[in-house]
Structure formats: C-alpha cells, structure tokens
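Only one structure is covered here, and it is reproduced in the block below.
The values are calculated or read from the model by the stated rules, or taken from the named source; none is laboratory data. What you are looking at is a predicted structure, and each value in this text was computed from that prediction instead of being measured. Note that we place each Cβ from the backbone using ideal geometry, even for glycine, and neighbour counts take in every protein chain shown.
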Amino acid sequence: MTTENKTIVGRALAGLIDTGDVDTLASSLSEDFIHHRSDSTTSTKAQWLAAVRTALGPTAGMRVDILHLLADGDHVVVHSRRRLPDTGTEIVVVDVLRIAERFIAEAWEVIEPAADAAANGTWWEPTV
C-alpha cells in the first residue's frame, strides 16, 4: 500500500510540476478533499485547486523541485523547494497527504521562506 500511495501522489504531481497540468492533480483528489494550512485555515477541493491554478498553472511560472517523496501507510510526505516567479523568493514546503481509496483525501501544508530558516531554527535555544 505504501508504494502504491507514493505512486498516486507522484503521478498527481508530475504533470503539475512539469507542465502546470492542474487537471491531473484534480482527478487524483477525492470529492471531499480538505486542505489544511499551518494557520489553521482549511479549503475545499474547489478552493484549493483554484489557488493551485493561480500559483502553478502553465502561465504562473513557479518552479518546484521535489526533494523527498516519502510514504508510510496511508500518508505520503512531499518535501519541496519552490521559487516564486518575478521575485525569485524561495520557500521550503512540507506537504503531508492522506490517501483513501486510491485518492488524495486530505493534505496538510507547512511553508517556510528559505531566507527565514536560520532564524526560525533557533527558537528553542535558551537566551542568556
């Protein structure tokens, strides 16, 4: 099951990243798909796909490099580095996807600007 789930996610992302094909991604999502952001907001399948079309569609220009694609049971984790068009701003993203009945049913996303990584990595250090 783990390998199959990783294949489902890999196939959904391949067309999106290579050509901006949001329809392939859409066909991989369950009808009741929910997307969760780290700020506790959620979006429906339609809302999330509209945002993806804006960010990653064929004319958007965002570059996405998949660094890791890991699977465990019904969850697949995607670790990526993305460069925003125009500004060249780089973000690091971790998506955790839950697979149910061969569809992506739920996703959680954590985004960090790469430029903030060093500062964000010291929050647990004691102050002197």
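Things to note:
- Enumeration of residues in region 1-29 that are touching a helix residue (DSSP H, G or I) at 6+ places or on another chain (Cβ under 6 Å) and assigned to a helix (DSSP H, G or I): A12, G15, L16, V22, T24, L25, A26
- Residues of region 30-62 that turn out to be part of a strand (DSSP E or B) and either modelled with pLDDT of 95 or more or surrounded by fewer than 14 Cβ atoms within 10 Å (Cβ to Cβ) (or both), as a count: 10
- Among the candidates E125, E106, E112, residue that is without any contact (Cβ under 8 Å) to a residue 24 or more places away in the chain and either within 18 Å of T2 (Cα to Cα) or exposed (fewer than 12 other Cβ atoms within 10 Å of the Cβ) (or both): E125
- The residue of region 70-103 that is nearest to V52 (Cα to Cα), among those that are touching a residue at least 24 places away in the same chain (Cβ under 8 Å) and in a loop (DSSP other than H, G, I, E, B), is P85.
- With respect to (1) surrounded by fewer than 17 Cβ atoms within 10 Å (Cβ to Cβ); (2) of a type in the set (D, E); (3) modelled with pLDDT of 90 or more, the lone exception for D86 is condition (3).
- Meets criteria (under 15 Å from W108 (Cα atoms) and not charged (D, E, K, R)) for T7: no
- Candidates are the residues of region 89-103 that are modelled with pLDDT under 95 and either more than 12 Å from the chain's Cα centre (by Cα) or on the phi > 0 side of the Ramachandran plot (or both); the one that is surrounded by the most Cβ atoms within 10 Å (Cβ to Cβ) is E90.
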